[in-house]
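Please treat every number below as a calculation from the coordinates, not as lab data. Nothing here was measured: the structure is a model prediction, and the numbers come from that model. As a convention, Cβ positions derive from the backbone with ideal geometry for all residues, glycine included, and neighbour counts pool all protein chains shown.
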Amino acid sequence: MTTFNVVILDAYKPSRYRISKDTCGGYGTENDFGYGFIPNMLSFVAKHSLFWSPLAVLNLISEFKNNNLFDTTYTSNPESIGESTDYLFISSSIVCCNYELEVVKKIKQNFPKIKIFAFGSFVDFYKDRYLELGAAVIIGEPEFLFQNYKIDSKNLNLLFANKIISITKRDPNNLAPPLWSTETDVHSKNFLFGYKNGYAPIIATRGCPYSCYEYCVYPLQQGRKINAADPEKIISDIEFINTNTKIKNFVYRDPVFSINRKYTDQLVSAMSKLENKYEFTIETHLNNIDSQLAEDFSNANIKWVKFGIESAIDDVKSNVNRYSLNNDDQFKRVEYCRNNKIKTVAMYILCQPDDNFETHRKTIEYAKLLRTNLAQFSIFTPYPGTPYYKKNKDLINDFDFENFNQYNLVFKHNIFNKDSAKRELGKAYSKYYLNKLKVW
């Protein structure tokens with residue numbers, strides 16, 4: 001019986017900044033933190049201390065390995081692709097979109113018999129570009145490919161001929177265990193959070209129903225309806241990863257951990273029974289945290305909680321349909337975490353449509369007063385495919401999509417231009433972390 005070769009390619013353009021294709025709902029980010037010594041230092045630290053491949057890449061490899069009909073390998077090096085490759089699945093993003101298209105073009109020129117499939121959140125918006133190059137595209141979460149189609153070489157050929165492959169069935173409980181192991185050659189690092197011995201991103205719930213879908217890209221691939229794996233499945237995956245890799249640090253990549261309180265209570269209860277063998281990081285909405293849940297997080301050994309603040313100014317947030325607690329309530333929720341020895345990371349967005357120098361000043365001051373352990377500042381980005389982009393397409397003044405990386409101003413703003421936006425970004429990082437040094 002002939003064994004066909006499948007290669008999962010996760011290629012990155014050269015950059016002095018850290019690139020992640022998993023963040024921002026799979027569109028990806030490129031961490032240029034603005035002008036100044038402190039922002040440059042932080043950009044350098046991010047580049048050399050943070051990396052993980054997109055979960056979609058890992059999960060797709062795991063599904064192929066579980067299928068056992070193909071010889072499946074992973075690579076981040078396009079030059080390693082050769083005539084022995086039968087099927088190539090390439091991870092697509094916005095942050096490396098031009099580079100990825102060039103990679104596809106070159107492979108098609110050199111090895112025209114290879115059947116190429118592109119996948120990722122951004123591929124739906126960019127599908128015509130891939131189709132022009134002779135590639136097929138997977139619309140939806142690629143790890144569910146095997147739940148939608150019988151995958152063998154004959155059917156892969158048929159799917160390739162169809163060119164556009166849609167994913168509809170999505171049962172996370174039937175996914176293969178994630179192979180964070182040397183077997184897949186997929187690696188990760190997260191020194192910034194103290195995870196020196198490796199860590200594994202995992203996901204329990206997909207989808208987000210919040211109103212900030214106006215500018216957020218997570219619902220574009222995962223949808224707005226919550227799709228949760230059973231807590232038993234998550235615990236089983238955690239134990240599986242640890243058995244195979246000895247990794248003890250896990251980061252939940254859910255758009256909003258704890259969005260369903262009943263489910264969250266069940267999952268956190270199951271995590272607490274692991275008896276502190278592992279440490280966890282989550283991202284959630286502060287509205288979901290009360291004193292009891294913060295205590296439960298601590299009992300489950302959740303060490304870091306990340307959340308979006310976006311702005312200290314209500315009018316700025318309401319302009320883009322961002323729902324948040326009032327500032328006093330946010331102080332209270334952060335204090336719940338602090339009282340339970342949980343470290344916090346607050347995320348802020350500058351250059352929102354109604355922002356100005358004064359709203360930035362107030363937001364930076366608020367960030368300093370909130371006293372989170374870390375803060376992340378980025379620049380408002382109207383991402384292609386979102387409702388905000390569609391409504392404000394005429395304001396876009398940068399047509400190189402690789403610049404849509406969360407750290408560049410890509411639309412016409414009433415106050416800021418590209419240069420002043422970058423200066424404001426650098427100022428935010430400088431003022432926040434200089435203040436941290438004074439406090440320490």
TODO: Treat the count of other C-beta atoms within 10 Å as a stand-in for reagent exposure and order Glu143, Glu402 from fewest to most.
DONE: Glu402, Glu143
Task: Residue order, fewest to most surrounding Cβ atoms within 10 angstrom, among Arg18, Arg361 - done: Arg361, Arg18
Open item on the list: Can you compute 3J(HN,Hα) from phi for each residue in segment 282-289, using the Karplus curve 6.51 cos²θ - 1.76 cosθ + 1.60 with θ = phi - 60°, rounded to whole Hz and x for Gly and Pro?
Closed with: 10, 10, 8, 9, 4, 4, 7, 9
Open item on the list: Springs between alpha-carbon pairs under 10 angstrom, Gaussian network model over the chain: which of Tyr17, Tyr149, Tyr252 fluctuates most?
Closed with: Tyr149
Open item on the list: Can you find, among Ile396, Tyr74, Leu50, the residue sitting farthest towards the positive end of the charge dipole of the chain, where Lys and Arg contribute +1 and Asp and Glu -1 at Cβ?
Closed with: Leu50
TODO: Report, in debye and to the nearest 20, how large the dipole of segment 187-439 comes out about its Cα centre when Lys and Arg carry +1 and Asp and Glu carry -1 on their Cβ.
DONE: 620 debye
Task: If the convex hull is drawn through the Cα atoms of segment 1-120, its volume per residue in Å³ - done: 99 Å³
- [ ] Kindly write out, for segment 269-280 in residue order, the coupling ³J(HN,Hα) from the Karplus curve 6.51 cos²θ - 1.76 cosθ + 1.60 (θ = phi - 60°), rounded to whole Hz, with x marking Gly and Pro.
- [x] 4, 5, 5, 5, 6, 7, 6, 6, 5, 10, 10, 10
Task: Of Lys393/Lys422; Lys13/Lys341; Lys169/Lys317; Lys13/Lys317; Lys390/Lys418, those spanning more than 30 Å from alpha-carbon to alpha-carbon - done: Lys13/Lys341; Lys169/Lys317; Lys13/Lys317
Task: Against the rule of thumb 2.2 N^0.38 Å, how large the Cα Rg of segment 187-439 comes out - done: 1.04
Task: Distance cut-off 39 Å, percentage of C-alpha pairs in the chain lying past it - done: 18 percent
Open item on the list: Could you derive backbone 3J(HN,Hα) for segment 97-107 from the dihedral phi with the Karplus parameters 6.51, -1.76 and 1.60 (θ = phi - 60°), listing whole Hz in sequence and x where the residue is Gly or Pro?
Closed with: 4, 5, 4, 4, 5, 5, 4, 4, 4, 5, 5
Task: aspartates and glutamates whose Cα lies under 20 Å from that of Lys436, excluding same-chain neighbours fewer than 8 positions away - done: Glu310, Glu335, Glu365, Glu424
- [ ] With everything on Cα atoms, drop me the angle between helix 55-67 and the longest principal axis of the chain, reported from 0 to 90° to the nearest 10.
- [x] 30 degrees
Task: Mean ellipticity per residue at 222 nm, deg cm²/dmol - from DSSP H runs of n ≥ 4 across the chain, formula -39500 (n - 2.57) - done: -11000 deg cm²/dmol
